[in-house]
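The values are calculated or read from the model by the stated rules, or taken from the named source; none is laboratory data. Predicted model only: the values in this text are computed from it and were never measured. Please note: Cβ atoms are built from the backbone with ideal geometry, for glycine as well, and neighbour counts cover all protein chains shown. The protein model used for the area step is the full one, side chains on, heavy atoms only, and it has no ligands, DNA or RNA in it. Shrake-Rupley method; radii C 1.70, N 1.55, O 1.52, S 1.80 Å.
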Amino acid sequence: MITGRARLAGSHVRADEILDDAHLTEFMLQGGEYSQLVPWLFAGRRPDLGATLQKGDILVAGENFGAGSSGEIVPLTLKAAGISCIVASSFARTFYRTGINLGILPIECTVRAREMDVLEIYPEEGKLVVNHTGRYTFRTFPPMVLALIREKGLLNYYRSHGTL
């Protein structure tokens, strides 16, 4: 089970709205740790969000989360912020797969949640509960995908098991 606070991101959130190009360019030129980019997450949409994210928070979004090209920098910055799960009505396919490869569970499910609601997610059962009362279902993941998430990503899985 995954438990965390709902942090609302909105619908049709493009990768460049999660982390804008100006901060990405500065980061690429100077190098550094992904954690340094965390305060800038969602700066154009929700300036309060990035600096207040905590380990275990769960992003809740609408349709087409993560559209646009971000490579791994945006998901790695979300991971540095402590996000291990994103619940969205739908994801951009590249972001969805990159999230899995990096150990961020992307759950496609439309939920009604408010900021700071408590979410309980049962990935093996395809069940999501909001504040112990609102119940939702989502398509379960293949065992291999769940194994990648448990190992915190594809590379960690490979390092631990030596194979896929």
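Key figures
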| read-out | value |
| --- | --- |
| Nearest-20 debye value, the chain charge dipole, Cβ charges on Lys, Arg, Asp, Glu | 440 debye |
| DSSP-defined antiparallel bridges as percent of all bridges, region 33-164, nearest 5 | 45 percent |
| Ranked order, 145, 118 - accessible area, probe 1.4 Å, largest first | 118, 145 |
| Extended-chain gain in nm, criterion 0.36 nm per residue less alpha-carbon gap, residue 151 and residue 122 | 8.8 nm |
| Integer Hz, Karplus 6.51/-1.76/1.60 couplings in order for region 109-123, x for Gly and Pro | 6, 8, 10, 9, 9, 10, 3, 6, 4, 8, 10, 10, 10, 10, x |
| Approximate spin-label separation residue 93-residue 144, in nm, with each point projected 7 Å along Cα-to-Cβ | 1.7 nm |
| Fraction of accessible area attributable to carbon and sulfur, the chain (%, probe 1.4 Å) | 53 percent |
| Nitroxide proxy distance, nm - points 7 Å out along Cα→Cβ at residue 101 and residue 159 | 1.7 nm |
| Label corresponding to percent of Cα pairs over 26 Å apart when calculated from the structure given, among (i) 41; (ii) 23; (iii) 69 | (ii) |
| Ordering of 134-143, 58-67 by burial proxy (mean other Cβ atoms within 10 Å per residue, highest first) | 58-67, 134-143 |
| Burial order of peptide ranges 11-17, 50-56 (average beta-carbon count within 10 Å, highest first) | 11-17, 50-56 |
| Rounded accessible area per residue of region 33-80, 1.4 Å, Å² | 47 Å² |
| Shape of region 117-164, Cα gyration tensor, a/c cut at 1.5 | prolate |
| Cα shape, region 73-127, gyration tensor, a/c 1.5 rule | prolate |
| For region 1-71, average projected area of the Cα convex hull in nm² | 5.2 nm² |
| Surface accessible to a 1.4 Å probe, residue 97 within the full protein complex, Å² | 110 Å² |
